[in-house]
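Read the figures in this text as sums done on the coordinates, not as results from a lab. These figures come from a predicted structure and were not determined experimentally. Cβ placement follows ideal geometry from the backbone for every residue including glycine, while neighbour counts extend to all protein chains displayed.
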Amino acid sequence: MKKILKLSIVLFKELSRERIFWGLLFIGSFFLLSSVILKEMVVGERFKVFKDIGLLSPSITGVLFITVVGANIIAKEISAKTLYVVLSKPISKGEYILSNYFALLLLSALIIITISFVGWLFLFINGVNWASGFLLGAYFLFFELLLLSSISIFLSSFLSPYLSMITLFIIYISGHSLPNALELSSFARNQVLQIFLKVMSYIFPNLELFNFKTYLVYNLPFDKSVLVFSPLYSIVYSIFFISFSIIVFSRREL
């Protein structure tokens, strides 16, 4: 475990120096800045738009980071020949996969914390203490990125970076749209469509289990059991994908 943690920290430091990391943090900050302008144009509670985009910004930034960096994390090491140096040491391919996974999680957590803190600080300066909203938003988002990171590592263990990015993007869109599509299909009275969507909902992870932005922004009640169920769902799925990543990558000829 010590080897995994040490390698994770090394990878974390390397990835944090990448321009894409700082570029995405800038994009997240830009979304927050745009919401400051929009909030003045919206009738009603002044800070509702800022809260909404304040939760959306770390989500978009985190997903883009996982999609782009996660898809390239192994391929880049192979092309730079640094992977061979790492594996020449007493580190197995499984430990290498876990180290990459933890490095992605650390950077994802840093993105969430940084952008959420900026959002909270702006509201606090303006006399609105919405720490609970940002904390819950960050909580659900972290477990969503936990799941997406495992899928990204799994895809990058055998696919090219471009295919990995495209596949992860499809999974992300499907994971958020399928639950709503399945619910709406009950009004269509089309059995074939309902069966198809039902099958797809079992194939793709349900990412709507981590989407509570509307509930948080408008202070709507929600089932508190999701505070336990959603993380468990994410952890189980992540263990599944990381386990398969280790199996696939261990059999891969480098």
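Cα centroid separation, the range 127-149 to the range 228-254: 23 Å. Within straight-line reach of Lys51, meaning a Cα separation under 18 Å, sit the following aspartates and glutamates at least 8 residues removed in sequence or on another chain: Glu40. Taking the centroid of alpha carbons for each part, the range 74-96 and the range 179-219 are 40 Å apart.
Run the dipole for the range 2-250 about the Cα centre, Lys and Arg Cβ at +1, Asp and Glu Cβ at -1, nothing else charged, and hand back the magnitude in debye, nearest 20. Before the final figure, lay out the partial values.
Working: 18 positive and 11 negative charges, 110 e Å.
Result for the range 2-250 is approximately 520 debye, rounded to the nearest 20.
Considering every alpha-carbon pair of the chain, the percent of pairs per 5 Å bin, from zero through the bin containing the longest distance, is 1, 6, 12, 16, 17, 15, 13, 9, 6, 3, 1, 0, 0.
Neighbour counts of C-beta atoms inside 10 Å place Thr61, Thr214, Thr67 in the sequence Thr214, Thr67, Thr61, starting with the fewest.
Quick check on my link table: of Lys13/Lys224; Lys6/Lys76; Lys48/Lys198; Lys6/Lys93, which ones sit more than 26 Å apart, alpha carbon to alpha carbon?
With Cα atoms farther than 26 Å apart: Lys13/Lys224; Lys48/Lys198.
Checking understanding here: applying a Kyte-Doolittle mean of at least 1.0 and a length along the axis of at least 27 Å (C-alpha), which whole DSSP H helices in the chain pass?
Numbers: long enough: 19-39 (30 Å, 1.69); 48-79 (46 Å, 1.11); 93-125 (48 Å, 1.76); 131-156 (36 Å, 1.82); 161-185 (34 Å, 0.93); 226-250 (35 Å, 2.08).
Those that clear 27 Å and a mean of 1.0 are 19-39, 48-79, 93-125, 131-156, 226-250.
Only counting other Cβ atoms within 10 Å, I'd like Ser116, Ser88 sorted with the fewest neighbours first.
Values: Ser116 23, Ser88 8.
If I rank by nearby Cβ atoms, fewest first, I get Ser88, Ser116.
Going by C-beta contacts inside 10 Å, put Tyr215, Tyr84 in order with the fewest on the left. Show your work: numbers first, answer last.
Numbers: Tyr215 15, Tyr84 11.
The most exposed by this proxy come first: Tyr84, Tyr215.
When the helices of the chain are scored as -39500 (n - 2.57) per DSSP H run of n ≥ 4 and the total is divided over every residue, the value at 222 nm lands at -27500 deg cm²/dmol.
What does the highest-first list of 158-168, 101-111 look like by mean Cβ count within 10 Å?
101-111, 158-168
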